[in-house]
1. Given the convex hull of the Cα atoms of region 24-232, what is a quarter of its surface area in nm²?
2. Tell me the label-point distance for the pair residue 297, residue 251, using the 7 Å Cα-to-Cβ offset, in nm and rounded to one decimal.
3. For the pair residue 319 and residue 55, how long in nm is the line joining their label points, each one 7 Å along Cα→Cβ?
4. Using the number of other C-beta atoms within 10 angstrom as an exposure proxy, rank 215, 306 with the fewest first.
5. Based on the Cβ-Cβ distance of residue 64 and residue 205, what FRET efficiency does E = 1/(1 + (r/R0)^6) give at R0 = 35 Å, to the nearest 0.05?
6. Calculate, for residue 221 and residue 30, the FRET efficiency according to 1/(1 + (r/R0)^6) with r their C-beta to C-beta distance and R0 30 Å; round to the nearest 0.05.
7. With both bridge residues required to lie in region 24-232, what share of the DSSP beta bridges run antiparallel, to the nearest 5%?
8. Would you mind getting me the FRET efficiency between residue 311 and residue 47? Use the beta-carbon distance for r and R0 = 45 Å, nearest 0.05.
C-alpha cells in the first residue's frame, strides 16, 4: 500500500502583491546568515538552495530540544493582540529569528519576528513547503521532508492571526514593520489580511495538528527558558539566549539584586537587634539561635553570592578564550599577509 500524500499548503490568499509571471524565488530575501559550525558564521544565497534556506529560516533552534519543558516558561494560550502589549508597556523588538518569536524578557522587551514575504506567497509555499509524493513525514524526517518547516510556518502565521485581530493591531504592525509591504512600498490591504486570518483560524479549529506544538504556547518567558537550558542542556549552565555581551553588564546586573538583598538583610538584622534589646526576647533561647544563624548568613551570604558571580564570569571567560585567541591569530595572520603583499617603496 502506497504511503499517503502529504497535506498541501492550506492557504490560498495572496498578500505579497507579486505580479504574474514573476519567479517564486523573488519573494526570498537577498541573503541569509547561518552557522556552518560552532562559532563560524556564513552568509548564503537563499535562491541557490531554497530547501536549506527554509530549514534554517523556519528552524526553532535550541527551542526544539526544550519542548517538553515549555510548560515552565509559558501557559498554553493564544497570543494577545498587539495593542495589548503596547498598553502593558512592552517594548516590541524586531528580531528575525524564529526561535525568539514571542519571547519576553524581564526588562519589558517582547521579541517578535516579522512575517517574511515568501510566507505570504501561496505559489512559493506550495512549491517549497510541499513534501514530495510518498513522503510519510516520519520521525526522524527524511532529508527531503518538509513537514516540520511547514508546521512551523503555519504555527507562526497563526500567531499573527492572533496578534493582528483589529485595525488597531494592523496599524501597530505596519508601524513596527512586522508585515511586508507591497512592491509599490504600500501596506497590504486590511481586507486581504482579514481573509488570511480567518483562513488560519478555521485551519486551527479543524486541524490543530497542522501547526507546530511550540505555538500552542504563544508567549514564553526568556528568563525561565534560560533556567531550563542551564539545567537540561549539554554543556550545562549555558543560557538559551545570552543577553549580555560584556562582563561589565554581567556584574552590573548581578550587583543590583545583591544590593537589594543586602538592604533586606540589613533591615532584618536591625529588627533583631531591637528585639534583643527587649526583656521578653533577650532571654528567649529560640530567638537567640535564630539571631545567631541569620547573623552568620548575613556575613557569609553576600560573600558567597559575589564569589559565585566571579566564578560564573571566569567560567564564560575560559569557555570563550579559545575562540577569542583563534580570532586574534586569524587577524594577525591576515595583517601579516596584507603587509607582505604591499609593494616596497624604494629608498
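1. Values: hull surface 50.5 nm².
So the Cα hull casts an average projection of 12.6 nm².
2. It works out to 2.8 nm between the two label points.
3. 2.7 nm
4. Working: 215 22, 306 14.
Fewest-to-most Cβ neighbours within 10 Å comes out as 306, 215.
5. Details: r = 26 Å, r/R0 = 0.73.
Efficiency for this residue pair is about 0.85.
6. Working: r = 34 Å, r/R0 = 1.12.
Computed FRET efficiency for residue 221 and residue 30: 0.35.
7. Numbers: 7 of 14 bridges.
The answer is about 50 percent antiparallel.
8. Approximately 0.40, to the nearest 0.05.
No lab work stands behind these numbers, since they all come straight from the coordinates. Everything quoted here is computed from the prediction, not taken from an experiment. Heads up, the Cβs are rebuilt from the backbone with ideal geometry, glycines too, and the neighbour counts pull from every protein chain shown.
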